[in-house]
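Here's the structure we're looking at; comments come further down.
The values are calculated or read from the model by the stated rules, or taken from the named source; none is laboratory data. Given the structure is predicted, the values throughout are model-derived calculations rather than measurements. Here the Cβ positions follow ideal geometry from the backbone for every residue, glycine too, while neighbour counts run over all protein chains shown.
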Amino acid sequence: MSRRRAAITGIGVLAPGGNGTKAFWALLTSGTTATRGITLFDPAGFRSRIAAECDFDPAAEGLTADEVERTDRCSQFALVCAREALADSKLDLDNVPPGRIGVSIGSAVGNTITLEQQYVVVSDTGKHWVVDPAKASRHLYRALIPSTIAAEVAWDCGAEGPASVISTGCTSGLDAVADGAELIEDGRADVVIAGATDAPISPITVACFDAIKATSPNNDDPAHASRPFDANRDGFVLGEGAAVLVLEPADEARRRGAHVYCEIAGYAQRSNAYHMTGLTADGLEMAEAIRVAMGRARLAPEDIDYINAHGSGTRQNDRHETAAFKASLGARAYEVPVSSIKSMVGHSLGAIGAIEVAASALAIEHGVVPPTANLYQPDPELGLDYVPLQAREQRSDAVLTVGSGFGGFQTAMLLTRSRSGGAG
Amino acid sequence: MPATTMPTRAELSEMMKTVAGVEIDPGELQQEPQVTFEELGVDSLGLLGVLAAIERQYGIEIHADIDDCRTLADLEAIIRQAAGPGGRRS
Amino acid sequence: MSDDSQRALITGVAAVAPNGCDTNSYWAATLSGLSGLRPISRFESDGYPVRVAGLIDGLNPAELCGDRLAVQTDRWTQLALAAGERALADAELVPAELPPYDMAVVTASSSGGNEFGQLEIEALWSRGPRAVGPFQSIAWFYAATTGQLSIRNGMKGPCGVVVCEQAGGLDALGRARRALRRDASVVVTGGTEAPIGPYALTCQIASDRLSRTADPQRAYLPFDTDACGYVPGEGGAILIAERADSALARGVDQPYGEIAGYASSFDPRPGSGRPPTLRQAAEAALADARAAPHDVDVVFADGAGLPGPDAAEAAALAGLFGPFGVPVTVPKTLCGRLYAGGPPLDVVAALLAIRDGVIPPTYGIGELAPGCDIDLVREARTGRVQTALVLARGFDGFNAAVVLRAA
């Protein structure tokens, strides 16, 4: 029995530098960076004081006062993106039985901002270990549990099928989209609203990355701080944002005349089983994930036209990932363009994987490969074509996107141009 | 501010226990400054924690790359450098 | 699907519960009515409206996982590491003897490493950013337990973390079963929870679902006329899910049972006028197991402990099985609702019911609430148990169902 493939028929993105998919793509193709000094809180006293922030006004984005009151910023991002994606798909959900609509949203750190803000209130700014429940917001339980993100999206689109939040650290976004695709393939849902969100720019998150020196301390030059694959890279720049996709069975999508961006041809997850944050230099487990994903997609290395990298900009990641590309793709690794959009929109932890799927789908749709910004001095140790500084016009029929995260998670996904009725 | 800027072996051993959860005999540290932290079971995160504890306790700022801090001798060299002129936190 | 070699079996289990720190003591307590609900003693909680919790006493972090891991993990992960080790031993599975890519870890969590997080966030706000330690980045986030289990046991297969409040505890098993079909021959699965720190408890109190009764014996009464909320607890279970052909090759001759069916659903938005979908999830799980309602020997109910949700669950059961149509039990009255850890613990109880031919009773329940037309098991009932249905519901409307069958 052949599995029915999932197709992407709608995209919604909220990323630093411009809200909505159109602004997102314009940012990427222009090679502009959206990293700046942190404004969401006063970063004085922190080691890394820069981030990629979204300029987000929930009311302006259509959220009601009640929605804003009961949700964290990360849920608000997800709602806005889900709505954009559904509108983009032109899918009339009234024609789909609610039990056949699924939701799969990734998030690494859930409702961090609300949890931190409320903590300050109930603890009297950290004075009391035994915090005071009487001071808590009546919505506080919904902040403790990240599952609320999926609940909000499910309520908004009337989904009664399988709904979940996937929280696998920095691969949450890719894993949630993969999970959504699997629901389609297994026949457990006919429409899946799949994506990811994170709004981690909050003191505790910045401090925790400070403590392990994972983020760039290049506070004097925020615009150039995120420099994946560069010889002078010195850590990632924390970001925030969300992306949501509408997934449908490819055949069904074509039957209803939907616009299909691409199909999710294959994916695989593997783990380093080595260290919670450390990466080996050989990238073997990511290479294995890539190989297995390609096998499922029935693609060979020469079929890959573009690699959307994890490219977080830490010294160890870019080395690890490059080794993984070389190990899995052989000579092809040196020919295919590789770029990291984290150079422009920062690293939004669990969200970025879904944002990168959106970027990859758009690369297929528009025939343009986004650049790696800030790449003035490619690290000679790495040696691949990282598309420095400028976007490149190139038709891509198959894009590989990968993610890597704390806990050792490694995920690879192949997106391919739809056989017919798709872009181009 | 402590009188000296170099933690004793006993202090280091204590830090490794509380911060990294690794029990190391101070005598062992004394005898084998070239033993690697990896061999001692202190991983990179634990070491970062120890460095941060030293920074806090001695009011210094350590800028060295964690990759350059493989042994106790490395650590002591790094601390000495950080505590030297210009190494104090303003 | 399904030739027999692809079946998802459970070949090892390890419970860690307020009424029993290991599987045998948990099962004995469950059958005899020994409760793990106690007045909260973890911190000075006199001012808290919630007085009772399911607490695991006498297990310290170093005992659970050793010093090195103890400093870099929350109690939630420590419980899972200890249970993971025991579950593997129970399965007589030595990870080093299997190909790393063939083994995976899929757990559920609801509140993550909340107590570790509270310590660090307190350090930040009382002493400044530099007071946050290096392990906050790996101890609080919801993936910490899966990550640490994968590293500790050298498991390089497709690892995952699902978060759907209490329903997630069954979703993890559903995903484990899926992973066994595609990618792995062994999946360490289940989940634990450690939600009894001050901030986590404060968050839960805001839900208005927790019982405020001070008497542990009267605090958590699912389906009872006096249902007044639930008691939260810590603990859970880790299970070894293994593909049948792998178990056979290893010489496993007595698996606990099979994950025969799984399904999940989400309730309509409150106020939409549409009915809740727990029944749909149960029906879909039964269909997935190719089982009919009359095949089911026992239902391990979700047991919310609140009048509305209890009535809804009872209605779903009556609708599916007919009024009083199937034995229903809620052994969790003895340990509380353990969020992501709860359903895996229920699964262990169900598997032991299958193994021993005895349905554990629901202790402490008096008169059933009106309209709860369920055959609630009040005393241990012996007899062949072949097929069990386990239900779980998560806050906001998540529903999950698993069908377990004797192997």
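Couple of notes before you dig in:
- Out of A:266, A:295, A:278, sole residue that is assigned to a helix (DSSP H, G or I), within 14 Å of chain C (Cβ to nearest Cβ) and not aliphatic (A, V, I, L, M): A:295
- Residues in the range B:25-62 that are assigned to a loop (DSSP other than H, G, I, E, B), within 11 Å of chain C (Cβ to nearest Cβ) and buried (at least 19 other Cβ atoms within 10 Å of the Cβ): B:42, B:43.
- Residue in the range C:54-72 that is surrounded by the most Cβ atoms within 10 Å (Cβ to Cβ), counting only those that are among the small types (Gly, Ala, Ser) and touching a Gly at 6+ places or on another chain (Cβ under 7 Å): C:54
- Residues being closer than 26 Å to residue C:51 by Cβ, of a type outside the set (A, V, I, L, M, F, W, C) and facing another protein chain (nearest Cβ under 7 Å) - total across the range A:140-153: 1
- Listed here are the helices (runs of 4 or more DSSP H) enclosed by the range C:57-151 that have at least 1 residues being among the acidic types (Asp, Glu), free of Cβ contacts under 8 Å to residues at least 12 places away in the same chain and within 8 Å of chain A (Cβ to nearest Cβ): C:114-127.
- Check on residue A:403, in a loop (DSSP other than H, G, I, E, B), touching a helix residue (DSSP H, G or I) at 6+ places or on another chain (Cβ under 7 Å) and within 14 Å of chain C (Cβ to nearest Cβ): no
- Filtered by the rule that a residue be among the acidic types (Asp, Glu) and surrounded by 18 or more Cβ atoms within 10 Å (Cβ to Cβ), the range A:39-60 gives a lone residue, A:53.
- Hits in the range C:135-148 (condition: hydrophobic (A, V, I, L, M, F, W, C) and over 17 Å from the mean Cα position of the chain (by Cα)): C:135, C:138, C:139, C:140, C:141, C:144
One line per residue, one yes/no per condition, for (1) outside the structural domain of residue C:27 (by TED's automatic domain parsing); (2) modelled with pLDDT under 95; (3) surrounded by fewer than 24 Cβ atoms within 10 Å (Cβ to Cβ); (4) not β-branched (Val, Ile, Thr):
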{"position": "C:190", "(1), (2), (3), (4)": "no, no, no, yes"}
{"position": "C:212", "(1), (2), (3), (4)": "no, no, yes, yes"}
{"position": "C:215", "(1), (2), (3), (4)": "no, no, yes, yes"}
{"position": "C:222", "(1), (2), (3), (4)": "no, no, no, yes"}
{"position": "C:231", "(1), (2), (3), (4)": "no, no, no, no"}
{"position": "C:237", "(1), (2), (3), (4)": "no, no, no, yes"}
{"position": "C:284", "(1), (2), (3), (4)": "yes, no, yes, yes"}
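- Taken over the range A:254-290, the criterion of being among the charged types (D, E, K, R) and under 21 Å from residue A:166 (Cβ atoms) is satisfied by A:263, A:270, A:285, A:288.
- Of all the criteria given as (1) farther than 25 Å from residue A:141 by Cβ; (2) surrounded by 24 or more Cβ atoms within 10 Å (Cβ to Cβ); (3) out of contact with any Asp or Glu (no Cβ under 9 Å at 6 or more places or on another chain), the one not satisfied by residue C:92 is (2).
- Some residue of the range C:227-243 being of a type in the set (Gly, Ala, Ser), within 14 Å of another protein chain (Cβ to nearest Cβ) and part of a helix (DSSP H, G or I): no
- Screening C:395, C:321 for residues that are out of contact with any strand residue (DSSP E or B) (no Cβ under 6 Å at 6 or more places or on another chain), within 14 Å of chain A (Cβ to nearest Cβ), surrounded by fewer than 24 Cβ atoms within 10 Å (Cβ to Cβ) and of a type outside the set (Asp, Glu) leaves exactly one candidate, C:395.
- Evaluating residue C:348 against the criteria (1) part of a loop (DSSP other than H, G, I, E, B); (2) closer than 21 Å to residue C:33 by Cα; (3) touching a helix residue (DSSP H, G or I) at 6+ places or on another chain (Cβ under 7 Å) leaves one unmet condition, (1).
- Taking first residues from the range A:154-176 that are within 7 Å of another protein chain (Cβ to nearest Cβ) and without any contact (Cβ under 8 Å) to a residue 24 or more places away in the chain and partners that are charged (D, E, K, R) and surrounded by fewer than 24 Cβ atoms within 10 Å (Cβ to Cβ), the Cβ contacts under 6 Å between residues at least 6 apart in sequence or on separate chains come to A:155/C:269.
- Tabulated pairs, the range A:204-233, first away from every other protein chain (no Cβ under 14 Å), second modelled with pLDDT of 95 or more and part of a helix (DSSP H, G or I), C-beta under 7 angstrom, 6+ apart or interchain: A:226/A:342; A:226/A:343; A:227/A:343; A:228/A:318; A:228/A:342; A:228/A:343; A:229/A:318
- Residue that is surrounded by the most Cβ atoms within 10 Å (Cβ to Cβ), among those in the range A:328-357 that are more than 14 Å from residue A:33 (Cα to Cα) and β-branched (Val, Ile, Thr): A:352
- Residues in the range A:201-242 that are more than 22 Å from residue B:67 (Cα to Cα), over 17 Å from the mean Cα position of the chain (by Cα) and not hydrophobic (A, V, I, L, M, F, W, C): A:202, A:203, A:205, A:219, A:220, A:221, A:222, A:224.
- The residues of the range C:169-224 that are more than 13 Å from every other protein chain (Cβ to nearest Cβ) and of a type in the set (D, E, K, R), listed by number, are C:215, C:218, C:224.
- Residue within the range C:32-53 that is buried (at least 24 other Cβ atoms within 10 Å of the Cβ), in contact with a strand residue (DSSP E or B) (Cβ under 6 Å, 6 or more places away or on another chain) and either within 30 Å of residue C:261 (Cα to Cα) or outside the structural domain of residue C:176 (by TED's automatic domain parsing) (or both) present: no
- Per-region count, the range A:153-178, residues surrounded by fewer than 24 Cβ atoms within 10 Å (Cβ to Cβ) and either touching a Ser or Thr at 6+ places or on another chain (Cβ under 6 Å) or β-branched (Val, Ile, Thr) (or both): 0
- Criterion violated by residue C:246 - all others in (1) surrounded by 20 or more Cβ atoms within 10 Å (Cβ to Cβ); (2) in the same structural domain as residue C:372 (by TED's automatic domain parsing) satisfied: (2)
- Being touching a residue at least 40 places away in the same chain (Cβ under 8 Å) and under 20 Å from the mean Cα position of the chain (by Cα) is a condition met by no residue of the range C:41-48.
- Subset of the range A:113-131 [acidic (Asp, Glu) and more than 7 Å from every other protein chain (Cβ to nearest Cβ)]: A:124
To keep it simple, each residue is scored yes or no on (1) of a type in the set (Lys, Arg); (2) closer than 29 Å to residue A:89 by Cβ; (3) part of a helix (DSSP H, G or I).
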residue	(1), (2), (3)
A:119	no, no, yes
A:122	no, no, yes
A:128	no, no, no
A:131	no, no, no
A:151	no, yes, yes
A:155	no, yes, yes
A:160	no, yes, no
A:164	no, yes, no
A:177	no, yes, yes
